[in-house]
Structure formats: C-alpha cells, structure tokens
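Undergrad: Input: one structure, supplied below.
Readers should treat all values here as calculations from the given coordinates under stated rules, not as data from a laboratory. Since this is a predicted model, take the numbers as computed values, not measurements. FYI the Cβ positions are ideal-geometry reconstructions off the backbone, even for glycines, and counts take in every protein chain you see.
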Amino acid sequence: MRKLTTLAAACGLAFCVNAHAQSSVTLYGILDAGIAYIHNSGGHSSQWKMSTGNISENEWGLRGTEDLGGGLAANFQVENGFDIASGQLHQNGRLFGRQAWVGLASPTTWGAVTLGRQYDPISDVLQPLTADAFSGIFATPGDVDNYDSSARFDNAVKWVSPNWGGVKLEAMYSFGGIAGATGSGQVYSGAASYNHGPFSIAGGYIHIDNGNATLSTRGTSASDSLFNSAVNAAYASAHAIDIARIGGNYVIDQVTVGAAYSYSKYSPDGHSTFTDSQKFQNGSVYATWQLSPAFQTTIGYNYTKSTGDSSATYHQVALGVDYLLSKRTDLYAVAAYQHASGQNGAGHAQAVIGSYDVNSGANYQVLTVAGIRHSF
C-alpha cells in the first residue's frame with residue numbers, strides 16, 4: 001500500500017488533503033484474475049472462461065485518518081469494486097460499492113462510530129476466523145447466510161467497541177428510508193468476538209427487512225440482495241431474513257483449524273409467493289497449513305440442509321493453495337466439488353459452489369481456478 005502523506009502526492013490523485021504530521025491518506029488496491037473450468041454450468045457440461053476476483057475481489061480504495069487530539073481521530077474509507085476483465089463496476093454500478101463511510105474513533109475509551117455503506121458486524125468479527133481467506137469457494141452454497149459478504153449495507157450507523165481484554169462488541173443499524181414505514185427495509189445486527197492466545201471465537205445475529213410491499217417494491221432494502229443463485233432464488237419475495245452465525249478457530253504451530261455454524265430463516269408474509277418459512281442450516285470445518293512463509297494450503301467441508309417450504313441437502317468440499325512470489329504478488333489455485341439433492345422451492349436442487357453463484361443445472365458441480373493476485 002502506498003501512503004500519501006504530502007499535499008503534492010494527494011493532489012496528484014485529484015484530491016487535495018491537508019497533510020498534518022499525524023494525518024494520512026492511503027491508496028490501496030487488489031487485482032485478481034485467473035482461468036476457470038466449470039463442469040456443469042447453466043445446463044452445459046463444461047465451460048472455460050476468464051474468472052476475476054477469485055480469492056479477492058478486484059478493488060481500489062482510499063482510507064484516511066486525522067488526529068483530532070485527546071485520543072480522538074476522524075477517519076474514512078471509500079472502496080470500489082470492479083471486473084478486471086471488462087473494466088465494469090460491480091455492486092450494481094456503484095462508484096464505491098464495497099465501502100463508503102466516515103466516522104470518529106477513540107480506540108481506548110468508547111471505540112468507533114462510522115456512518116455510510118458498510119460491512120455488517122458478523123462479517124467483521126467472524127470472517128477472519130473462517131476459510132474466507134480463499135473467499136467464495138469455501139462459502140455456504142449460494143451464500144445464503146452472507147458468509148462471503150454478498151450483501152453490504154447502505155445508510156448504516158455502526159459502533160465498534162474498544163478491545164476489552166480480548167472481547168470486542170459491534171452493533172449496526174441501517175435505515176430503510178421509506179416514508180411512512182420506518183421499519184421497511186431496515187437492517188439491524190450485533191456481534192461479539194473473543195480472542196485469547198491461539199483461540200478465537202465470534203458470533204452474531206442480523207435481521208434484514210426485505211421491504212414493505214404495500215409502500216415499496218419487495219426487495220427495497222438497505223441490504224444488497226442475497227438472492228443470487230438457484231439455492232434461494234425461490235424466496236426472493238420473503239418479508240424478512242434472519243441470520244445467526246457462530247464460529248471459531250485454533251492455531252497449533254503452522255496449522256489453523258476452525259469450524260462454524262449458521263442458521264438462516266427466510267420468512268413470508270401475505271405478499272410472498274411461498275407460505276412456510278424456509279430455513280437453511282450450515283455447518284463447516286476447515287484446516288489451513290502454513291507449510292512455509294511463502295506457501296499455504298487450505299481444505300474445507302460444508303454441509304447445508306434446508307427445511308420448511310422445501311427441502312434440499314448440499315455437500316461441498318474445497319481446496320486452495322497459495323504461493324507468494326513477493327509480499328505483494330501471489331499465485332493461487334482453488335478447486336471445489338458440490339453435490340445437491342432434494343427440492344429448492346422452484347424444482348430440483350441445483351449445485352451452486354459457494355458464492356460463485358453459477359447455477360449448474362444439475363445435481364453436482366466441479367469448479368477449478370488458477371490465477372494471480374497483486375496488491376498495492
């Protein structure tokens with residue numbers, strides 16, 4: 001990452017930043033691209049394609065802080081997501097669709113408060129304890145529990161506590177913004193984490209209102225959509241989504257082992273196209289082996305069971321390897337297999353590996369990707 005600490009450097013990026021001794025603005029980014037092979041994609045038996053954002057989404061951003069004195073600081077972050085293969089913006093064409101927030105922080109007293117488009121507290125505290133270092137290939141099928149942050153949240157106010165002896169708390173509220181219906185489209189979430197030596201554990205809860213259908217279009221919410229694949233597409237008319245997740249890991253020398261569990265409920269109302277709540281339960285385990293400072297490998301397994309309006313079962317195994325060429329550039333390869341059975345609410349359950357969101361059109365799917373990632 002390149003730190004811009006002078007007025008001339010900042011203005012060279014078309015930003016004019018007052019550069020004080022204890023203030024800074026940092027430009028950073030990630031470029032990630034590879035070649036993918038998918039067996040069973042959209043009803044076809046095979047597909048070769050360029051695949052981007054495989055273990056890290058392509059992004060660039062700016063983050064900054066200003067020391068206000070007395071232990072208080074102002075900070076901000078804006079982060080853009082894009083497709084390196086085409087140059088198109090992600091997150092429905094938003095300029096800063098990954099993050100865009102500003103806030104105040106006092107790390108040793110009351111913590112930090114930020115306002116804007118943000119990640120939810122569960123993603124903040126639990127993702128670092130999962131196999132999400134290899135991103136979506138280890139995620140829950142269709143990312144129905146937001147394992148890989150398919151949803152980020154607009155109009156959000158978030159509080160993060162100081163570190164109290166290894167304990168951290170977070171809370172967030174996102175305004176739906178619908179006139180005459182305060183709760184329509186709102187999101188609220190809370191999470192907690194604890195770290196002590198080699199052991200870490202975290203968990204939390206999030207409630208997503210999917211919009212008051214009498215005052216707005218169903219799906220009008222402060223949350224991005226979680227309905228991105230055949231796994232849960234039949235439940236896009238849900239009134240609300242409730243997700244609870246917990247997980248932890250333990251470090252033993254060069255090996256890290258972890259496990260997680262999530263419960264997701266998609267609830268209907270009179271405007272929904274289904275009548276019984278659909279529930280997804282996911283259990284996952286993984287192990288990461290740091291063979292050397294430059295080379296690591298991760299293996300993981302996900303079991304997902306849905307019940308309620310329909311019933312389906314998904315078994316998924318994934319493997320990833322990563323080799324550092326330098327501190328900023330690495331080569332990687334990932335592979336996964338998933339088998340699906342039962343019904344998904346619209347027909348036979350389709351295999352959909354992680355958050356890659358490629359509908360297989362079949363009851364199993366294989367995905368492999370090899371690529372390069374560069375950070376700055």
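Undergrad: Straight-line reach from residue 327: which lysines have Cα under 19 Å away, leaving out those fewer than 8 places along the same chain?
TA: Here the lysines satisfying the reach criterion relative to residue 327 are 3.
Undergrad: Please find the FRET efficiency linking residue 292 to residue 92, where r is the Cβ-Cβ separation and R0 is fixed at 56 Å, and quote it to the nearest 0.05. The partial results should precede the final answer.
TA: On the way: r = 41 Å, r/R0 = 0.73.
Computed FRET efficiency for residue 292 and residue 92: 0.85.
Undergrad: What distance in nm lies between label points placed 7 Å from Cα along the C-beta direction at residue 115 and residue 315?
TA: 5.2 nm
Undergrad: Moving to a separate point now. Considering amide H positions built from the backbone, and no H for Pro or chain starts, which residues 5 or more places from residue 68, or on another chain, come under 5 Å of its amide H?
TA: Long-range HN contacts for residue 68: 73, 74.
Undergrad: Spin-label point model (7 Å from Cα, Cβ direction): what's the residue 50 to residue 348 distance in nm?
TA: Between residue 50 and residue 348, the label points sit 3.5 nm apart.
Undergrad: Need the list of lysines near residue 305 for cross-linking: C-alpha distance under 27 angstrom, and skip anything on the same chain fewer than eight residues off.
TA: 265, 279
Undergrad: Okay, next question. Which of rounded, prolate, oblate describes the stretch 124-173, given a ≥ b ≥ c as roots of the alpha-carbon gyration tensor eigenvalues and a/c under 1.5 marking rounded, otherwise prolate only if a/b is larger than b/c?
TA: Details: a/c = 3.39, a/b = 1.43, b/c = 2.38.
Oblate shape, in that a/c is at least 1.5 and b/c is the bigger or equal ratio.
Undergrad: Now for a separate question. Between (1) 26, 60, 14, 0; (2) 30, 60, 10, 0; (3) 27, 54, 18, 1, which matches P(r) over Cα pairs in 20 Å bins from 0, in percent calculated for the structure shown?
TA: (1)
Undergrad: Sticking with this structure for a sec: Cα to Cα, under 16 Å, and not fewer than 8 places away if on the same chain: which lysines meet these conditions relative to residue 168?
TA: Counting by Cα, and skipping residues close in sequence, residue 168 has these lysines nearby: 158.
Undergrad: FRET efficiency for residue 35 and residue 261, Cβ-Cβ distance as r, R0 = 25 Å, nearest 0.05?
TA: Values: r = 34 Å, r/R0 = 1.36.
The computed FRET efficiency comes out at 0.15.
Undergrad: Sticking with this one: Hey, what's the Cα Rg ratio for the stretch 266-376 versus the globular rule of thumb, 2.2 N^0.38 Å?
TA: 1.36
Undergrad: Sticking with this one: In whole Hz, with x marking every Gly and Pro, tabulate ³J(HN,Hα) for the stretch 282-289 from phi via Karplus 6.51 cos²θ - 1.76 cosθ + 1.60, θ = phi - 60°.
TA: Each residue of the stretch 282-289 in turn: 10, x, 9, 9, 7, 9, 10, 10 Hz.
Undergrad: For the stretch 235-253 and the stretch 122-159, write down the distance between their C-alpha centroids in whole Å.
TA: 8 Å
Undergrad: Among residues other than residue 192 whose Cβ falls under 10 Å from its Cβ, what is the net charge (Lys/Arg +1, Asp/Glu -1)?
TA: Working: positive: 168; negative: 170.
Here the charged neighbours net out to 0.
Undergrad: Quick check: from the Cα gyration tensor, does the stretch 112-267 come out rounded (a/c under 1.5), prolate or oblate? Provide the component values of the computation, followed by the final result.
TA: Numbers: a/c = 2.77, a/b = 1.53, b/c = 1.81.
In terms of gyration-tensor shape, oblate.
Undergrad: Please report, in debye to the nearest 20, how large the charge dipole of the chain is about its Cα centre when each Lys and Arg carries +1 at its beta carbon and each Asp and Glu carries -1 there. Can you show the working numbers first?
TA: On the way: 18 positive and 25 negative charges, 72 e Å.
Magnitude of the dipole: close to 340 debye.
Undergrad: Residues with amide H under 5 Å of residue 309's amide H, sequence separation 5 or more or different chain, H placed in the peptide plane at 1.01 Å from N; which?
TA: Answer set, sorted by chain and number: 278, 279.
Undergrad: If each of residue 374 and residue 233 carries a label point 7 Å out from its Cα toward its Cβ, how far apart are those two points in nm?
TA: 3.6 nm
Undergrad: Between the stretch 161-191 and the stretch 79-121, how many Å separate their Cα centres?
TA: Distance between centres, Cα-based: 15 Å.
Undergrad: Under the 0.36 nm per residue contour assumption, what length would be gained going from the current alpha-carbon distance of residue 102 and residue 171 to full extension?
TA: Numbers: separation 69, 0.36 × 69 = 24.84 nm, distance 1.62 nm.
This chain segment gains 23.2 nm when fully extended.
Undergrad: Where Lys and Arg each count +1 and Asp and Glu each count -1, what net charge lies around residue 35 among other residues with Cβ under 14 Å from its Cβ? Intermediate values should be presented prior to the final figure.
TA: On the way: positive: 49, 373; negative: 32.
With Lys, Arg at +1 and Asp, Glu at -1, the neighbours total +1.
Undergrad: Ok, one more. Return the FRET efficiency for the residue pair residue 68, residue 251: r is the Cβ-Cβ distance, R0 is 45 Å, and the value is rounded to the nearest 0.05.
TA: Values: r = 37 Å, r/R0 = 0.81.
Computed FRET efficiency for residue 68 and residue 251: 0.80.
Undergrad: Now for a separate question. With the dipole of the chain worked out from charges on the C-beta (+1 for Lys and Arg, -1 for Asp and Glu) around the Cα centre, which of 351, 71, 109 lies farthest toward the positive end?
TA: The listed residue farthest towards the positive side: 71.
Undergrad: Further question on the same structure: Would you compute, from DSSP H runs of 4+ residues alone, the mean residue ellipticity of the chain at 222 nm, taking -39500 (n - 2.57) per run and dividing by the full residue count, rounded to the nearest 500?
TA: Using -39500 (n - 2.57) per qualifying helix, the result is -500 deg cm²/dmol.
Undergrad: Find out how many positive minus negative residues lie around residue 228, taking Lys and Arg as positive, Asp and Glu as negative, among other residues whose Cβ is under 12 Å from that of residue 228.
TA: Working: positive: none; negative: 143, 148, 224, 357.
Local net charge: -4.
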